[in-house]
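Worksheet for the structure shown next.
The values are calculated or read from the model by the stated rules, or taken from the named source; none is laboratory data. Note that the structure is predicted; figures quoted are calculated from it, not measured. Positions of Cβ are backbone-derived with ideal geometry, glycine not excepted, and every protein chain shown enters the neighbour counts.
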Amino acid sequence: MMKECTKCGGQMIDLLIDYERNIMGQKITIPNVEGYRCEKCGYEEIAPWVEKRLAVKVLKKQLEIQKDMPAEPITINKLKTVRKKKEIPQKLIGEAIGFTEQRFGAVERNENTPTVHLANQIASVMNVNVSDIYETLYIPRDFFLELLNMDSNFEIIEGLPELREEFQKWDDRHNVIKNEMRKIRSKARKIARETGKKVKDPMTLLPEETRKEFEQLIEENKMVLEQKEKLRKKMKPLKKRSILKQDRIIDADTWERIKEKFPDRITLY
Ligand SMILES: [Zn+2]
């Protein structure tokens, strides 16, 4: 079978190649992958049928890397930059996607996160790819946590770090409670299964003590949820001032300012 090189039109020969990829700043190599190499220009390509297998391998490698490298994903919103470059008025895009200018403006300013459908629709009317307007990249976790509490002048938002910390404590407790409750419920189902007893509520099969424990967990859970809700409300106006919108999104202009201000804190993955 003759295969033509997409780069130079030369002839591609079948052989095993080293598949190289950059994952979060680290070059990884998966050796001996079925593929082709151009005799003329040396361009290499993997065979289409190994792509499926490779995707899983690459993801597993990424998980390994992520384990030893504390990083967090953020998304750069380049919507405005791309729109201005193409000189398309907000109003026109709004009209094309059935939004008012104000509503589209809110999406552009990261006040509203578009759904997958909407992001695609916007990209389509601007004749670009979604990745051209929303780019996701990884930054070091410690820097990410700092950005979360910073306003657009790079000042720490007063009170926010403390509220976040407190929220985290309640959230951790919430997870412990949920886990305990899950364990008790599954214990009840196990008893029902093993004894073959047909009851409407398997929880009634549990010893009195365990049921009491479960009741207490329900009560505590309610209290924890209330605390979380209270803190969420307190944090809301402060989070609005954060340089990271919706905890993960940043507009392209601000991102440029961050890169200028903290050149040595940013390692891009
Ligand atoms: Zn070639």
Are there helices (runs of 4 or more DSSP H) fully within the range 73-129 with at least 2 residues that are more than 27 Å from Leu148 (Cα to Cα)? List them. 79-85, 90-97, 116-126
Quick one: in the range 14-70, of everything that is assigned to a strand (DSSP E or B) and of a type in the set (Asp, Glu), which residue is farthest from the chain's Cα centre (by Cα)? Asp14
Tell me which residues, restricted to the range 114-133, are among the hydroxyl-bearing types (Ser, Thr, Tyr) and surrounded by 16 or more Cβ atoms within 10 Å (Cβ to Cβ). none
Of Leu205, Leu160, the only residue that is under 30 Å from Tyr138 (Cβ atoms) and of a type in the set (A, V, I, L, M) is Leu160
Considering (1) in the same structural domain as Lys230 (by TED's automatic domain parsing); (2) exposed (fewer than 15 other Cβ atoms within 10 Å of the Cβ); (3) more than 30 Å from Met203 (Cβ to Cβ); (4) among the charged types (D, E, K, R), say which one Arg182 fails and leave the rest. (3)
Of residues in the range 160-203 being assigned to a helix (DSSP H, G or I) and of a type in the set (Asp, Glu), the one farthest from Lys222 (Cα to Cα): Glu194
Counted residues, the range 127-185 - those being under 30 Å from Arg211 (Cβ atoms) and of a type in the set (A, V, I, L, M, F, W, C): 5
Of the conditions (1) over 30 Å from Ile13 (Cα atoms); (2) within 16 Å of the ligand (Cβ to nearest atom), Ile74 fails just one. Which one is it? (2)
Per the filter on the range 236-260, residues within 17 Å of Gln168 (Cβ to Cβ) and either acidic (Asp, Glu) or touching a Phe, Trp or Tyr at 6+ places or on another chain (Cβ under 7 Å) (or both) are Asp247
